[in-house]
Amino acid sequence: MKKIAVFLMCFVMLLCTACAESKPAEVAPEGGEKTEPIAVEPQETPAPEQNEPEPAAEAEPAAEATPEPETELPTEASATPYTPDLSALPIEYRIDWDRKEGTMFTYDIDFDGEAEKITYRLDEKKNATYILVDDESIAFPGSCVLDRVILVDLDPETPWVNLLAVIDMASDDYITTEVHSENGAFVKGVEKEFISLSSDGRLYSHERTDLLGTKDGVRSVSGEKLEPDSEWLEVYTPSEEDLKTNRDVLIELGTLLHLKRTVNCRIDGKPTTLKKGSYVYMTRFHESRMIVEVRTEDGRTALISVDYDPNEYSYLIGGRDQNKVFDNIFYAD
Ligand SMILES: [Ca+2]
Ligand SMILES: [Ca+2]
């Protein structure tokens, strides 16, 4: 009986299992109908899921709306300034007057990402010189001849480079004007005497002094105001070779100056004198301190105090006109 009971139980269990396994198969056609709502459900379900993070994502930036523009602005600001390759600067273009016009540079002078074509033109009828930047012209005063143009970046802080127009007003009478393009308009800046570019890439102003004869001096200049870097005006000095081989010529030219009388000076900070009959040559002049530096033929450097007499337009050494102290000073023109 027990065996029969166990068998029956097993049979029932088998039936139940079979029923349980067969249910999905029976449901299958129903499941096909259900797939539609099921298919809709997953669509509906992710839809709110997608929508949920969206408002959340919107809410977050909304809450951080203030810092975001702050982080964006510097990014935009730092991306806006454009600087062309400045490594080629400074460059100089000397005007070839066999040609009345020509291209000097092609360069992005206003840092807007597009290069300008910079040309010159001489209007002989008007006796005027023009610099043309693309089609826009910058005119300079009449009766002048453009000698050279220097393209240089005088101030790394300004988003433009500078054109230095060196003009010969008459004959050997130079004026240098700084020009740049600022906010879409050309601006003429400082006007200086002759500015030249040396082989070491530095700019020098050329000035004259009537002290000890008319001497041409140079000082390095920098910045958009072309300010001198030093108060010392350096004048031409002969080389040691020149002093040995061309001594007579240097005396004739007024480079080597002959002392008619003994002069007070300072050498190595100590007061001393330069003896009557000796020769010196001028090396530089400090106009605001009124000190002239000279060098003796034996290579010593001496500082001499000078005064200027505005009534006589003359420089005084030890209270005397310079021509009474040196006997071969050229007439100062
Ligand atoms: Ca440009
Ligand atoms: Ca600049």
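Flag: Glu124 does not match the condition of being modelled with pLDDT of 90 or more, of a type in the set (D, E, K, R) and either assigned by TED's automatic domain parsing to the domain that holds Gly184 or surrounded by 19 or more Cβ atoms within 10 Å (Cβ to Cβ) (or both).
Of all residue pairs spaced 6 or more apart or on separate chains, those with beta-carbon atoms under 6 Å, a first member in segment 147-158 that is more than 16 Å from ligand 1 (Cβ to nearest atom) and a second member that is part of a strand (DSSP E or B) and among the hydrophobic types (A, V, I, L, M, F, W, C) are Asp147/Val166; Arg148/Val166; Val149/Met104; Val149/Leu163; Val149/Ala165; Ile150/Leu164; Ile150/Leu197. Within the span defined as segment 130-138, one or more residues are without any contact (Cβ under 8 Å) to a residue 12 or more places away in the chain and either in a strand (DSSP E or B) or assigned by TED's automatic domain parsing to the domain that holds Ala115 (or both).
Identify, by number, the condition in (1) crowded, with 19+ Cβ neighbours inside 10 Å; (2) over 20 Å from Asp98 (Cα atoms); (3) among the basic types (Lys, Arg) that Arg148 doesn't meet. So the condition that Arg148 fails would be (2). Flag set for Arg202, criterion: within 14 Å of the chain's Cα centre (by Cα), more than 16 Å from ligand 2 (Cβ to nearest atom), surrounded by fewer than 17 Cβ atoms within 10 Å (Cβ to Cβ) and of a type outside the set (Phe, Trp, Tyr). Could you check segment 154-186 and list, in sequence order, the residues that are within 13 Å of ligand 2 (Cβ to nearest atom), closer than 19 Å to Glu116 by Cα and surrounded by fewer than 16 Cβ atoms within 10 Å (Cβ to Cβ)? Thr158, Glu182 - these are the residues of segment 154-186 that are within 13 Å of ligand 2 (Cβ to nearest atom), closer than 19 Å to Glu116 by Cα and surrounded by fewer than 16 Cβ atoms within 10 Å (Cβ to Cβ).
Here is a yes/no grid of residues against (1) aromatic (Phe, Trp, Tyr); (2) over 14 Å from Arg300 (Cβ atoms); (3) buried (at least 18 other Cβ atoms within 10 Å of the Cβ):
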residue: Leu233; (1), (2), (3): no, yes, yes
residue: Leu243; (1), (2), (3): no, no, yes
residue: Arg247; (1), (2), (3): no, yes, no
residue: Thr255; (1), (2), (3): no, yes, yes
residue: Ile267; (1), (2), (3): no, no, no
residue: Thr272; (1), (2), (3): no, no, no
residue: Tyr279; (1), (2), (3): yes, no, yes
residue: His286; (1), (2), (3): no, yes, no
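Every condition in (1) part of a loop (DSSP other than H, G, I, E, B); (2) farther than 18 Å from Lys260 by Cα holds for Ile329 except the one numbered (2). Take the conditions (1) in contact with an Asp or Glu (Cβ under 9 Å, 6 or more places away or on another chain); (2) within 16 Å of ligand 1 (Cβ to nearest atom); Ile131 misses just one of them, which is (1). Suppose the filter is among the aromatic types (Phe, Trp, Tyr), outside any loop (DSSP other than H, G, I, E, B) and within 16 Å of ligand 1 (Cβ to nearest atom); does Phe105 pass it? For Phe105, the condition - among the aromatic types (Phe, Trp, Tyr), outside any loop (DSSP other than H, G, I, E, B) and within 16 Å of ligand 1 (Cβ to nearest atom) - is met. Residue count for segment 296-308 satisfying the condition of being over 22 Å from Asp327 (Cβ atoms) and in contact with a strand residue (DSSP E or B) (Cβ under 9 Å, 6 or more places away or on another chain): 1. Considering only residues in segment 95-107 that are touching a residue at least 40 places away in the same chain (Cβ under 8 Å) and under 18 Å from the mean Cα position of the chain (by Cα), the one that is farthest from Ala165 (Cα to Cα) turns out to be Tyr107.
Picking from residues in segment 306-319 that are touching a residue at least 24 places away in the same chain (Cβ under 8 Å) and under 19 Å from Lys275 (Cα atoms), the one that is surrounded by the most Cβ atoms within 10 Å (Cβ to Cβ) is Ile317.
When Asp147, Asp98, Asp112, Asp155 are checked against the criterion of being in a loop (DSSP other than H, G, I, E, B), of a type outside the set (Ser, Thr, Tyr) and within 22 Å of Val190 (Cα to Cα), a single residue qualifies: Asp155. Taking every residue in segment 162-190 that is assigned to a strand (DSSP E or B) and pairing it with any residue that is surrounded by fewer than 16 Cβ atoms within 10 Å (Cβ to Cβ) and hydroxyl-bearing (Ser, Thr, Tyr), at least 6 positions away or on another chain, yields no pair with a Cβ-Cβ distance below 7 Å.
Consider segment 220-229 and keep the residues that are within 16 Å of ligand 2 (Cβ to nearest atom) and part of a strand (DSSP E or B). The one that is surrounded by the fewest Cβ atoms within 10 Å (Cβ to Cβ) is Glu227. Candidates are the residues of segment 134-146 that are of a type outside the set (Gly, Ala, Ser) and away from ligand 1 (no atom under 16 Å from the Cβ); the one that is modelled with the lowest pLDDT is Pro141. Here the strands (runs of 3 or more DSSP E) wholly within segment 230-295 that include at least 3 residues being touching a strand residue (DSSP E or B) at 6+ places or on another chain (Cβ under 8 Å) and under 17 Å from Val218 (Cβ atoms) are 232-235, 279-286.
The values are calculated or read from the model by the stated rules, or taken from the named source; none is laboratory data. Quantities reported herein were computed from a predicted structural model and do not represent experimental measurements. Cβ: placed from backbone, ideal geometry, glycine included. Neighbour counts: every protein chain shown.
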